[in-house]
Amino acid sequence: MKNAPSIEEHVEMYRKMIVVRRLEEGLGRLHKEGKTRGPIHRCDGQEAVGVAAAAVLREGDKLTSTHRGHAHYIGKGLDVYPVIAEIFGRATGSCGGRAGHMLIADAAKGLIGGNAIVGAGIPAATGMALSMQVLGKKDVAMCIFGDGAAQTGICHEAMNMAALWKLPVVFVLEHNQFGLTVPSSVQSSVADLSLRAQGYDMPAEIVDGNDAVAVYRAVASMVDRARQGRGPGLIEAKTYRWEGFSTSDMGGYQTPEEIAAWKARDPIRIAYEALKNEVGAAALDEIERRATSEVEEAFTRALADPFPAFTVPAPYAAYAGAQ
Ligand SMILES: Cc1ncc(C[n+]2csc(CCOP(=O)(O)OP(=O)(O)O)c2C)c(N)n1
């Protein structure tokens, strides 16, 4: 099967999706206990998109993310412990406790970062692709973005330029059906947002975003193309956000029937069923057990970590302590 992940890669995607799910569940619990600060944007149910798209990338490739980036972070190779420490503002976090959950970055791993500005990762990745092209590198830039971000003007500008200049950038549209509380059907005149790629003369493919293998294969063919200097591509991964927009969402706009229908297509379950005959249920259960305890231990450790020291830059020292 062209561009299919190896069994080992598929198992690793399964493991990472479990890590992300346990992370999201843990954050949900801690939010209810009043132990989180600010809104947290969970990605339960849509883990396959970020994990599988990032799995295609290699060293040197760059990824930009969104405000809902936990699966993108873990997919690009960050450990869960520094991610949790960062979410809780600890000095041991990926960014020293100063970024919070929406802005996590790790330049050494090619994760150029989450972004609280909707759509901003799209031109950022396009700019990185331009620099890769100018420098003659064989690297690829990728941005994962939402259906809300697809409606921004900057998305059009970046895609137009990327296609015109044949930049090595892959656009991964994580179509989770909502922008904030607004259903995709009232944000756009077309249901398949990837139709727009035709207007840029850019290839596009729609995939089942809950099937990690389908996402991996489609993304891999666009990444191959981009790496060969043949220009950008767009993948539209159809998925669904099980939880609200953020932990401060009051809910009520997602019907129980709709949520149940999507939960019946849990991406972790889909990977489990696909791998069961290859590696056996016992091995998969053991992977789940280990991933779960890794996340539990990371929460315990991170929550006991210190906050970063607060130092006032010299020019402002006179104001320190002022009301
Ligand atoms: C430029 C900008 N406009 C508006 C907002 C407020 N805002 C935050 S998230 C969001 C919706 C984003 O929807 P989507 O891109 O589909 O991502 P999802 O939350 O579904 O993952 C909006 C409008 C913002 N942060 N930045």
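The values are calculated or read from the model by the stated rules, or taken from the named source; none is laboratory data. Nothing here was measured: the structure is a model prediction, and the numbers come from that model. A quick note on method: Cβ atoms are made from the backbone with ideal geometry, for glycine too, and the neighbour counts reach across all protein chains shown. Heads up: the accessible areas ignore ligands, DNA and RNA and are worked out on the full protein's heavy atoms, side chains in. Shrake-Rupley method; radii C 1.70, N 1.55, O 1.52, S 1.80 Å.
Would it be correct to say that G77 is among the small types (G, A, S), modelled with pLDDT of 95 or more and surrounded by fewer than 21 Cβ atoms within 10 Å (Cβ to Cβ)? So G77 fits the description; yes.
Note on segment 1-99: enclosed helices (runs of 4 or more DSSP H) holding 2 or more residues that are farther than 23 Å from V169 by Cβ and touching a residue at least 12 places away in the same chain (Cβ under 8 Å) are 7-32, 80-87. The set of residues in segment 154-179 being open to solvent by 40 Å² or more (accessible area, probe 1.4 Å) and either at pLDDT below 95 or more than 10 Å from the ligand (Cβ to nearest atom) (or both) consists of H156, E157, N160, M161, L164, W165, K166. Take A260 and decide whether it is in a helix (DSSP H, G or I), loosely packed, with under 13 Cβ neighbours inside 10 Å, modelled with pLDDT of 95 or more and not basic (K, R). The answer is yes for A260. Taking segment 229-250 as the range and being open to solvent by 40 Å² or more (accessible area, probe 1.4 Å) and either without any contact (Cβ under 8 Å) to a residue 60 or more places away in the chain or among the hydroxyl-bearing types (S, T, Y) (or both) as the test, the residues that pass are S248, M250.
Taking T292 as the residue in question, decide whether it is hydroxyl-bearing (S, T, Y), at pLDDT 95 or above, open to solvent by 10 Å² or more (accessible area, probe 1.4 Å) and in contact with a helix residue (DSSP H, G or I) (Cβ under 6 Å, 6 or more places away or on another chain). For T292, the condition - hydroxyl-bearing (S, T, Y), at pLDDT 95 or above, open to solvent by 10 Å² or more (accessible area, probe 1.4 Å) and in contact with a helix residue (DSSP H, G or I) (Cβ under 6 Å, 6 or more places away or on another chain) - is met.
Would you be able to say whether some residue in segment 155-174 is within 18 Å of A129 (Cβ to Cβ), small (G, A, S) and in contact (Cβ under 8 Å) with a residue 60 or more places away in the chain?
Checked against the condition, which is being within 18 Å of A129 (Cβ to Cβ), small (G, A, S) and in contact (Cβ under 8 Å) with a residue 60 or more places away in the chain, segment 155-174 yields at least one hit.
For segment 110-123, enumerate the residues that are touching a strand residue (DSSP E or B) at 6+ places or on another chain (Cβ under 6 Å) and more than 13 Å from the ligand (Cβ to nearest atom). Let's see the steps before the verdict.
So the first thing to find is which residues in segment 110-123 are touching a strand residue (DSSP E or B) at 6+ places or on another chain (Cβ under 6 Å), and the list is 110-112, 121-122.
If the condition is that a residue be touching a strand residue (DSSP E or B) at 6+ places or on another chain (Cβ under 6 Å) and more than 13 Å from the ligand (Cβ to nearest atom), then G110, L111, I112 are the ones that fit.
Can you name every residue in segment 137-152 that is of a type outside the set (V, I, T), more than 10 Å from the ligand (Cβ to nearest atom) and open to solvent by less than 60 Å² (accessible area, probe 1.4 Å)? Within segment 137-152, D139, A141, M142, C143 qualify.
Here is a yes/no grid of residues against (1) part of a helix (DSSP H, G or I); (2) under 25 Å from V80 (Cα atoms):
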position	(1), (2)
N277	yes, no
L284	yes, yes
E288	yes, yes
A291	yes, yes
E296	yes, yes
D305	no, yes
V312	no, no
P315	yes, no
